[in-house]
Amino acid sequence: MPTRNESAAALLDGIRSFIEPAQVRTDPDSCLNYGRDWTRLYTPDPLAVVLPSNIEQIQQLVRYANEHRLALVPSGGRTGLSGAAVAHHGEIVVSMERMNRILEFDPTGRSVTCQAGVVTEALQNFARDHGLYYPVDFASRGSSQIGGNIATNAGGIKVVRHGLTRDWVTGLKVVTGRGDLLDLNRGLIKNASGYDLRHLFVGSEGTLGIIVEATLKLTRPLREPSVMVLGVPDLDGVMSLYHVFRNKLELSAFEFFSELALRHVLKKGVQRPFDAETPYYVLIEFENPDESHTDQALALFEHCAEQGWLADGVISQSETQAKELWRLREDISESISEHQPYKNDIAVRISRVPALLAEIDELLAREYPDFEVLWYGHIGDGNLHVNILKPTGLDSATFAQKCGAVSEHLFAVLQRHGGSISAEHGVGLTKKPYLHYTRDETEIGYLRAIKQVFDPNGIMNPGKIFD
Ligand code: MLT
Ligand code: ZN
């Protein structure tokens, strides 16, 4: 961690000599709002929030930070769930909010180049207005920014068909922790000219430098997507449905959630999809361009019902209904936020999902019977979200400490199944103590060495991913 040995006022005056003074903020509201993400576990305490408007200012800022050993926290929409964008030790937050322009559209190559502060939904809308589709999608689309998505290799609800953010990045401009501007891969589809540094920045969580521009691929829109929600009696049923539906339909999502999770969404006024209550639900989205696909989906439904793999179900008849059904899954995260959930975002190979889920379910019920545990996630990607809700009356510190103990058990099980402690939320601060369950010490040594190359003075988001 860089140390500060100059007066804060003098340091900030220095920054104001190359960034408009009004864009170097120290007021309490800005420090609170820009100093945290959606984890709410840490008390924000940045020295200042800086909002550059161009690459040159960012380069100057990084060079200045090196000279004065100031820590920088790159900041997007701050919708992260692992504390990677938290500034709680007097760092400078570098918000990309003002760098929010789409710079270039290439209809032939079906790609778009934009600044890092473009909001995900703005990019999705831009693509749609041009008859195309940016398929990386999640509930925080209205606030998350492209740079932040790239820095966490964001996943979301369409990965089963379209992959992760990484799969859509064909070019990146980054300012490294040394202050150099690198133009990585230049939007090329094919490029076999040595190490691909672009991929080091995807998922780097701001620890190597600042992503300033990205070139992203676009694709054709989904053809008339339909949504089914199915009530499932047990976890084996969930996996059986996955096999059956994936083999016969072009799935664009295969999500699951538990009845316990659903109840929190219903409390917010969303309607139950059908009368039957089942322990689990599956949401399937598939391309449905003509009646033959509907017939196929209904035939699969009948077959699965006969096998006892599902108890009830519903299929959307319109785009509005499809959106309503999506709310059952997408609104879970927000509807439980008031319970200060302790979040886990784990991944295993899909074939391991049933065994892992059963083992963790049994572990939590045995060791932590007082906790309300909610399951949901992107089961088609082997990605499960395990959320433990804070019991009312238990103070936050004790709850966090108890959940930390849960994590050690849970990650030991995960390690046996060859999984990852983070599928899509990132390591940040919350998962840093557990990184060794997924990466061994030798590998972590290589990660540290890479950071040293890009950020020799350790000014870029210090304390995130590893110390
Ligand atoms: C989700 O799948 O809903 C998001 O990853 C957010 C969350 O896990 O709460
Ligand atoms: Zn998720």
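The values are calculated or read from the model by the stated rules, or taken from the named source; none is laboratory data. Please read all numbers here as calculations on a predicted model, not as lab measurements. Note that each Cβ is placed from the backbone with ideal geometry, even for glycine, and that neighbours are counted across all protein chains shown. Areas reflect the complete protein model, heavy atoms only, side chains present, ligands, DNA and RNA absent. Shrake-Rupley method; radii C 1.70, N 1.55, O 1.52, S 1.80 Å.
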Open item on the list: Compute the distance from the alpha-carbon center of the range 379-393 to that of the range 188-219, in whole Å.
Closed with: 30
- [ ] Would you mind checking the radius of gyration and Dmax of the chain based on alpha-carbon positions, in Å?
- [x] 22.7, 74
TODO: Calculate the dipole size of the range 225-333 relative to its Cα centre from +1 charges on Lys and Arg beta carbons and -1 charges on Asp and Glu beta carbons; express the result in debye to the nearest 20.
DONE: 480
Task: Hits among lysines - C-alpha to C-alpha of Lys217 under 23 Å, sequence gap 8 or more where chains match - done: Lys158, Lys173, Lys190
Open item on the list: Students sometimes get this wrong: rank Trp168, Trp309, Trp38 by accessible area, probe 1.4 Å, all chains present, largest first.
Closed with: Trp38, Trp309, Trp168
Task: Net dipole in debye of the chain [+1 Lys, Arg Cβ; -1 Asp, Glu Cβ; about Cα centre; nearest 20] - done: 1240
Open item on the list: Can you tell me what share of the DSSP beta bridges in the range 61-143 is antiparallel? A percent to the nearest 5 is fine.
Closed with: 50
TODO: Starting at the first residue of the range 221-237, write each ³J(HN,Hα) from the Karplus equation 6.51 cos²θ - 1.76 cosθ + 1.60 with θ = phi - 60°, in whole Hz, x for Gly and Pro.
DONE: x, 5, 8, 6, x, 10, 10, 10, 10, 10, x, 10, x, 8, 5, 4, x
Task: Cross-link reach list, lysines versus Lys432, counting only Cα pairs under 20 Å and skipping chain neighbours closer than eight places - done: Lys343, Lys402, Lys451, Lys464
Task: Phi-based couplings in Hz for the range 356-365 (Karplus 6.51, -1.76, 1.60; Gly and Pro marked x) - done: 5, 4, 4, 5, 5, 4, 5, 4, 5, 5
Open item on the list: Treating only the Cα positions of the range 225-333 as identical point scatterers, give the base-10 log of I(q)/I(0) from the Debye formula at each q in 0.13, 0.21, 0.24 Å⁻¹.
Closed with: -0.42, -1.13, -1.46
Open item on the list: Which residue, Pro433, Phe371, Ile92, has the largest displacement toward the positive end of the dipole of the chain when charges sit on each Cβ (Lys, Arg +1; Asp, Glu -1)?
Closed with: Ile92
Open item on the list: Tell me which of Asn153, Leu262, Leu298 sits at the most positive position along the dipole axis of the chain, charges placed on C-beta atoms (Lys, Arg +1; Asp, Glu -1).
Closed with: Asn153
Open item on the list: Taking the full set of protein chains and a 1.4 angstrom probe, give the accessible area of Glu443 in square angstrom, rounded to the nearest 10.
Closed with: 70
Task: Solvent-accessible area per residue for the range 225-333 (1.4 angstrom probe, square angstrom) - done: 44
- [ ] Considering the convex hull of the alpha carbon atoms of the range 10-87, report its projected area averaged over all viewing directions, in nm², one decimal.
- [x] 5.1
- [ ] Identify, among Ile350, Asn461, Val413, the residue whose Cα sits farthest towards the positive end of the charge dipole of the range 318-467, taking +1 on the Cβ of Lys and Arg and -1 on the Cβ of Asp and Glu, with the dipole about the Cα centre.
- [x] Asn461
Open item on the list: Under a Cβ-only charge scheme (Lys and Arg +1, Asp and Glu -1), can you give me the dipole magnitude of the range 133-209 about the Cα centre, in debye to the nearest 20?
Closed with: 180
Open item on the list: Once you compute Rg and the Kirkwood Rh from C-alpha atoms, what is the Rg to Rh ratio for the range 177-290?
Closed with: 1.15
Task: Karplus-derived 3J(HN,Hα), 6.51/-1.76/1.60, for each residue of the range 95-100, Hz, glycine and proline x - done: 7, 8, 3, 7, 9, 10
Task: For the range 68-142, fraction of C-alpha pairs farther apart than 18 Å, in % - done: 51
